[in-house]
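The values are calculated or read from the model by the stated rules, or taken from the named source; none is laboratory data. All of these numbers come straight from a predicted model, not from anything done at the bench. As a convention, Cβ positions derive from the backbone with ideal geometry for all residues, glycine included, and neighbour counts pool all protein chains shown.
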Amino acid sequence: VTSIAYGQRIGDSKLVLGKTYTVNELKAVNGFIRCVSTENERKLQAKYPERMTDAEFEAWLAPLVEKSRESKSQNGGIITIPVVVHVIHAGQAYGTAPNITDTQVQSQITVMNNDYRKLAGTSGFNSNPVGADVMIQFALAKVDPNGNPTNGIDRVNLCKAFWTTDEVDATVKPQTIWDPTQYMNMWSVQLGGASANILGYAQFPSNPGIVGVPAGGAANTDGVVANYATFGSSDYDDGSFSLDAPYDKGRTMTHEVGHFLGLRHIWGDDDNTDPSGLSCATDFCNDTPPAHKANGGCTVPIASCTAGLFEMVENYMDYTNDTCMNIFTLDQKARMTAIMNNSPRRLELKTSTKDISIPLFANDGELKAEKNCNVATVCGGTTTIPFPFSLYNRGTAQLTSAVITYTINGGATQTYNWTGNLGQNRYAVISFTAPESSTISAQITSVNGTSDARASNNTAIASAGGFTTIPMAGSTAVTFTLIYLVHRWLFCPRSASMRSYLSPCRSCCVHCQRPAPPVAGDSIHHEKLSVTRAGAGGRAPHGPPGRPNWPLVRAVGPARARCGARSAAGRS
């Protein structure tokens, strides 16, 4: 896999979660920002004054950890946490990054179970005398929030190529999160922009507070996030994975889930700004020797802050390479157990049954409305666009046919006959074309030539959205970016799926939709266009008579697109 943006070196400072930090403050290792969970906690403490400070949190947790150490629960029952993984993409096909495969997702769950259970014969095993089987394991959910079957992988097309951590918290999480008292929410996303160097982050647990006082920290952002190229392990790669070494063994999520369960970095997260980067603060676990700072690479033994001891560079809560990590300690286990027994939302996860399968049927299709990300249009209401839906097979038999009925804006019922071959939990994207302001209601009426055995997941509604419409009213000029693929230097590709004033299509609107997959000779262009309304009844050179329109008045940038010999430059 080619390297992605987060692997680039960073400068002297970095904007993270709305605040500028120095490289030293971020504990960057070789230009990588391994984790920004501590910075996320600072943001939450500022946003929610009722949230405990670090000192208050530790004072609350300390007696609970001691109780956990003394309790038989240290060797008691295993806690299984149901997990949902939200795979965030921008319309890429299944298996095309960042729309990673089910197998890559499952590999991440496997690694976490190896690590938290210290399973023999896996890379999560260690023989260290303080190495612990944490007695916590993870299972992809089998029941979704509506009571329907799922494989615990929630694929969501949010129409955006990459996200910053601020955008993840403000948009991605609230729009996609499942009940955090029933599921541990994990997000696989493409981080970019100001977050291009970040591998992952988590939301620390909340304290229970007192009666009538919120615990602090929004429930709709609770969970763990990783860049898709660190989500999963190459040890299980079937040829479909999108991962980047040296963070390709799944330890980014092992690390972040540690924060989700209350662990701190082994150097103590002391907000140290000394140029030396030395810390020696406590992580409140006595069996992890105090560390001077974050360690990167596969580090040789380093003397710790305590004479005669070495830093535990193999601990999952350090910053070493994935292949070098293999230990949680007994004190870390006690801390995580205390959090699972006492912290809001973590406590409820202990009794969630969303990982227990419900009865499955041979013939069970699910319909899900998707966003339309591929269309940008000027002068609304004048064009038809595709409204995409995903058809999932939730049955145990191969899904080879489905009959879907749909209505547009409550009109006459229409029928669509789908054929294909979908294994269990696989999906196909289908589209119905309608005017851009429409609402389409669709329903599965039969699958594999027989009745669908489960009616509760058969209906979906898609409304206008995912594209930009510039209304006709008024005379305001607007500038927008048109992104298009030039097929062999022709502005109109073979599919005729792009039209504008610059083409012989003679459309009254700038209408850009992603064309068919590129072929040799294609190239990508970004062009900034400025358009202005000609006025009621006006007519642009290629606009239809007697109606308002938005003629192109300026093209800025590489205006090399052509239709035949007619250049786009200078058209008006």
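Some notes on this structure:
- Some residue of segment 251-270 being touching a residue at least 40 places away in the same chain (Cβ under 8 Å), among the basic types (Lys, Arg) and in a helix (DSSP H, G or I): yes
- Counted residues, segment 286-323 - those being outside any loop (DSSP other than H, G, I, E, B) and surrounded by fewer than 19 Cβ atoms within 10 Å (Cβ to Cβ): 3
Conditions (1) out of contact with any strand residue (DSSP E or B) (no Cβ under 7 Å at 6 or more places or on another chain); (2) touching a residue at least 24 places away in the same chain (Cβ under 8 Å); (3) outside any strand (DSSP E or B), marked per residue:
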| position | (1), (2), (3) |
| --- | --- |
| Ile100 | no, yes, yes |
| Ala120 | yes, no, yes |
| Phe125 | yes, yes, yes |
| Asn128 | no, yes, yes |
| Asn146 | yes, yes, yes |
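- Of the strands (runs of 3 or more DSSP E) lying entirely inside segment 377-439, the ones with 3 or more residues being polar (S, T, N, Q) and on the phi < 0 side of the Ramachandran plot are found at 384-393, 399-408, 414-422.
Conditions (1) surrounded by fewer than 15 Cβ atoms within 10 Å (Cβ to Cβ); (2) out of contact with any Leu (no Cβ under 9 Å at 6 or more places or on another chain); (3) farther than 24 Å from Gly95 by Cβ; (4) modelled with pLDDT under 95, marked per residue:
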| site | (1), (2), (3), (4) |
| --- | --- |
| Leu367 | no, no, no, no |
| Gln414 | yes, yes, yes, no |
| Thr433 | yes, yes, yes, yes |
| Ile444 | no, no, yes, no |
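- Unmet requirement for Pro344, which otherwise passes all of (1) out of contact with any Lys or Arg (no Cβ under 8 Å at 6 or more places or on another chain); (2) touching a residue at least 60 places away in the same chain (Cβ under 8 Å); (3) closer than 14 Å to Gly268 by Cα; (4) part of a loop (DSSP other than H, G, I, E, B): (3)
- Residue match in segment 455-463 (condition: farther than 30 Å from Pro180 by Cα and surrounded by 15 or more Cβ atoms within 10 Å (Cβ to Cβ)): no
- Answer residue from segment 165-183, given it is assigned to a loop (DSSP other than H, G, I, E, B) and within 22 Å of Thr101 (Cβ to Cβ) and is nearest to the chain's Cα centre (by Cα) among those: Trp178
- Subset tally (residues that are surrounded by fewer than 18 Cβ atoms within 10 Å (Cβ to Cβ) and in contact with a helix residue (DSSP H, G or I) (Cβ under 7 Å, 6 or more places away or on another chain)) for segment 120-131: 2
- Total residues in segment 150-164, condition in a loop (DSSP other than H, G, I, E, B) and among the β-branched types (Val, Ile, Thr): 2
- Against the numbered list (1) at pLDDT below 85; (2) touching a Phe, Trp or Tyr at 6+ places or on another chain (Cβ under 6 Å), Asn374 comes up short only at (2).
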